[in-house]
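Reviewing the structure listed below.
The values are calculated or read from the model by the stated rules, or taken from the named source; none is laboratory data. Just so you know, these numbers come straight off a predicted model, no measurement behind them. Because the Cβ atoms are built from the backbone with ideal geometry, glycine has one as well, and the counts that use them run over all protein chains shown. Only protein heavy atoms, including side chains, enter the accessible area calculation; ligands, DNA and RNA are left aside. Shrake-Rupley method; radii C 1.70, N 1.55, O 1.52, S 1.80 Å.
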Amino acid sequence: MPDLADTALNALDMTARSAASRPAGSPPPSSAPALPAAVLWDMDGTLIDSEPFWIGAELELAALHGAEWTHEDGLAMVGNPMETCAAALRARGVDLSDEEICSFLNSRVAAGVAAGTPWQPGAQELLAALVDAQVPMALVTSSHRELADPFVRSAGVFDISVCGDEVARPKPDPEPYLTAAARLGVDIADCIAFEDSPAGISSAVASGAHVVAVEVMVGLAPRPGVSRVRSLADVTLGELGRVLRGELLEPR
């Protein structure tokens, strides 16, 4: 997988050569797609394939405490705040505080991601295209700052980031997405949000953003006004323009 920075630089070089080939003062091609005021990204599951790390950490912690926890239980936690997961694990018999549970899960997931960023197919390419088009981007994640920061630094493309431990009402409340739009200084109605979980989708929809749901770990039922794709590799800047016009993307 090419480095994201190299991908972005290659895309920028291609765009510069294309612009140089046009007569001076000529407008850009009329086929250029409309672009969102900003793109707001979920992290776990959407941009990186980290959900297996989360589920594995939950299973490990439950086993250490003799608690019953299944893969299906882990799937039910996808996209939810860490505090929701901690409460569910405690209810099953994990005799630790929320802080201790979150610390254990964070450390295990961080170790997994540190071994090599598990990018989802098409993620780096779409991020690079948005960098090339100079579209502002925010990371809006339920993960805590300690886990998000290393990814934000590694990716190097996000203007701001909003983490689950920094908002009063995390996903599925719209606060994280509304906070991101406000910090970017854009109208949420002109933004596109990418999500992969029911809780995250509910948060993005309630915020008023255009929403693209990526079917990764869990099947996503159709929702009014929500686009669905099977992979970020299926998304282009042109299709983002379609979403802004009110069209819905459907899985290929």
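Could you give the accessible area per residue of the chain, probe 1.4 Å, as a whole number in Å²?
Solvent-accessible surface per residue comes out at 44 Å².
What translational D, rounded to a whole number of µm²/s, comes out for region 173-217 from Stokes-Einstein when the hydrodynamic radius is the Kirkwood one over Cα pairs, at 25 °C and 0.890 mPa s?
The diffusion coefficient I find is 238 µm²/s.
Could you state the principal axis extents of the C-alpha atoms in region 126-252, from the largest down, to the nearest angstrom?
36, 31, 28
If you stretched the chain out fully between residue 169 and residue 63, how much longer would it get, using 0.36 nm times the residue separation minus the C-alpha to C-alpha distance?
That works out to 35.1 nm of additional length.
Work out the length of the dipole vector of the chain about its Cα centre, built from +1 on the beta-carbon of each Lys and Arg and -1 on the beta-carbon of each Asp and Glu, and round it to the nearest 20 debye.
About 860 debye.
Per the helix-only calculation at 222 nm, which mean residue ellipticity applies to the chain, given -39500 (n - 2.57) for every DSSP H run of n ≥ 4 and division by its residues, nearest 500 deg cm²/dmol?
Details: 10 runs with 114 residues, N = 252.
Mean residue ellipticity, 222 nm, calculated: -14000 deg cm²/dmol.
From Cα pairs below 8 angstrom and at least 6 apart in sequence, can you work out the relative contact order of the chain, rounded to a whole percent?
24 percent.
Among all helices in the chain defined by DSSP H, which have a length of 18 Å or more along the axis from Cα atoms plus a Kyte-Doolittle mean of at least 0.0? Walk me through the intermediate numbers first.
On the way: long enough: 4-20 (24 Å, 0.41); 51-64 (20 Å, 0.76); 98-114 (23 Å, 0.41).
Span-like helices here: 4-20, 51-64, 98-114.
Evaluate the distance, in nm, between pseudo-label points positioned 7 Å from the Cα of residue 91 and of residue 239 along their respective Cα→Cβ axes.
With each label placed 7 Å out from Cα toward Cβ, I get 3.6 nm.
Work out the length of the dipole vector of region 46-127 about its Cα centre, built from +1 on the beta-carbon of each Lys and Arg and -1 on the beta-carbon of each Asp and Glu, and round it to the nearest 20 debye.
Result for region 46-127 is approximately 100 debye, rounded to the nearest 20.
Extending each Cα 7 Å along its Cβ direction at residue 215 and residue 83, get the distance between those two points in nm, one decimal.
3.3 nm
Taking the Cα of residue 75, stepping 7 Å toward and past its beta carbon, and measuring to each backbone N in region 198-226: which are under 20 Å?
198-202, 213-223
Would you mind getting me the FRET efficiency between residue 146 and residue 248? Use the beta-carbon distance for r and R0 = 51 Å, nearest 0.05. Don't skip to the end; give the middle numbers.
Numbers: r = 37 Å, r/R0 = 0.72.
The calculated FRET efficiency here is 0.90.
Taking the chain as a Gaussian network, Cα atoms linked when under 10 Å apart, which of 209, 86, 67 shows the biggest mean-square fluctuation?
67
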